Amino acid sequence: MKRFFLLFSGVLTLAACSADKTAQADRKAAVSNPPQVLMKPNGAYQTPPYASAAARNPTLSLPSNFSPNAGVTFTNVANNGNFIALTFDDGPHPKNTPRLLDILRQRNVKATFYVIGKSVKLYPDIVRRIHAEGHELGNHTWNHPNLANLSDAKVRQELDSTREAIISAAGVRPRTMRPPYGSLKTTQRQMIHRAYGYPTILWDVDPLDWKRPGTSVVRSRILNGTKSGSIVLAHDLHSTTVDAMPSTIDALLAKGYRFVTVSQLLAMKDASRP
Ligand SMILES: [Zn+2]
C-alpha cells in the first residue's frame, strides 16, 4: 500500500505544477487510467528494504497474457532469450516462504508459487506478499490429493476452494495449475483447461529437493538440468531447499539466465515459435 500512497501523493504533487506540460499529461493519464488496487490494506506486512543497491536480475517488463490456445500441458517453453521459470510448490510456509521471498527480492528474481489452498487460508499475509512483490500465484489444490483418483466434481472442488482462497488473500486469480505429484489424466487436463483456462504446468528440472539431499546436491541438480525455457520445480515447504537458493540463483544468474513467471514464459510461446 505504501507504494500506492506514494503514487497518489505523486499525482497530487504533479497537479500542483500546472505549468509543467509533461506533468499535466502524466496527470491526465493517471486520471483516465486510475491505478487498479486489487490488494486489501495489509498492516501486518512491511516490505523489507533491498539488501543491495543494484538488483542483479534485470528488471523485465514482459507481457504475461498468454493465449488460451498456447497449449494444455507444459514442461518447458522454448525461447530465444535464456528465460526460465522457477516454481515453488506446497507453501506458503510461515518461516521458509518469507525467507525465500527475501532471497528473491535481494536479486530481483520473480518466481511462481503453486500454493496449497488450506495453507493460503492459514497464512493469507504471506500470499499477499508473494503477489505484492511481483511473483505469480498458481493453483496447487486445497488438500494436495492425487487428482487422478478423483471425480471431476471433486477436482473442481479442490480447484474452486483454492482459487477463492487466493483471491481472498491477494486479490488476484491464479492463471495456471500444477497437479500434486504431477498426476493428472489427459481428460482431466482438458476439462480443467476448458473450465478454468488453466494450463497444466509440469516441469523439466526436478532436483528431488523434498528428499532433502542437501543444499549442494539441490544446487548441482538444478544447475545441471536447467536450459533456456526450463521450468524448475522446488518446494518452499523445506528449509533445506530455501538454504540452497541463494547460491543456486546466483550461479544461474552468472550463467546468463533470466527469471520470469510461468505466465510470462507461456506468453513467449507464440513469439518464439512462429
Ligand atoms: Zn505439491
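Quick note: the coordinates plus some simple rules give every number you see, no bench work behind them. Source: prediction; values computed, not measured.
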Under 5 Å, built H, 5+ apart or other chain: amide partners of T73: T200
Kirkwood hydrodynamic radius over Cα pairs of region 174-274, then Stokes diffusion coefficient at 37 °C and 0.692 mPa s, in µm²/s: 218 µm²/s
For region 99-215: rounded, prolate or oblate by the Cα gyration tensor [a/c cutoff 1.5]: oblate
Other-chain or far-sequence residues with amide H under 5 Å of H235's (modelled H): D89
Per-residue HN-Hα couplings for region 110-126 [Karplus 6.51, -1.76, 1.60; θ = phi - 60°; Hz; x = Gly/Pro]: 9, 9, 10, 10, 8, 8, 8, x, 5, 7, 4, 5, 6, 10, x, 5, 5
Cα pair count fraction exceeding 13 Å, expressed as % - region 59-98: 73 percent
Residue-by-residue Karplus 3J(HN,Hα) for region 74-91, coefficients 6.51, -1.76, 1.60, Hz, glycine and proline x: 10, 10, 6, 9, 4, 8, 9, x, 6, 8, 9, 10, 8, 10, 10, 10, 6, x
Listed pairs K154/K211; K227/K269; K227/K255; K95/K255; K211/K255; K154/K185 exceeding 18 Å between Cα atoms: K154/K211; K95/K255; K211/K255
Rg over Rh, two decimals, region 73-272 (C-alpha only, Kirkwood Rh): 0.94
For region 81-156, fraction of C-alpha pairs farther apart than 18 Å, in %: 42 percent
In sequence order, calculated HN-Hα J values of region 92-104 (Karplus, 6.51, -1.76, 1.60; Hz; x Gly/Pro): x, 10, x, 9, 6, 5, x, 5, 5, 4, 4, 4, 5
Amide hydrogen neighbours beyond the local backbone of L137, cut-off 5 Å, H modeled: F113
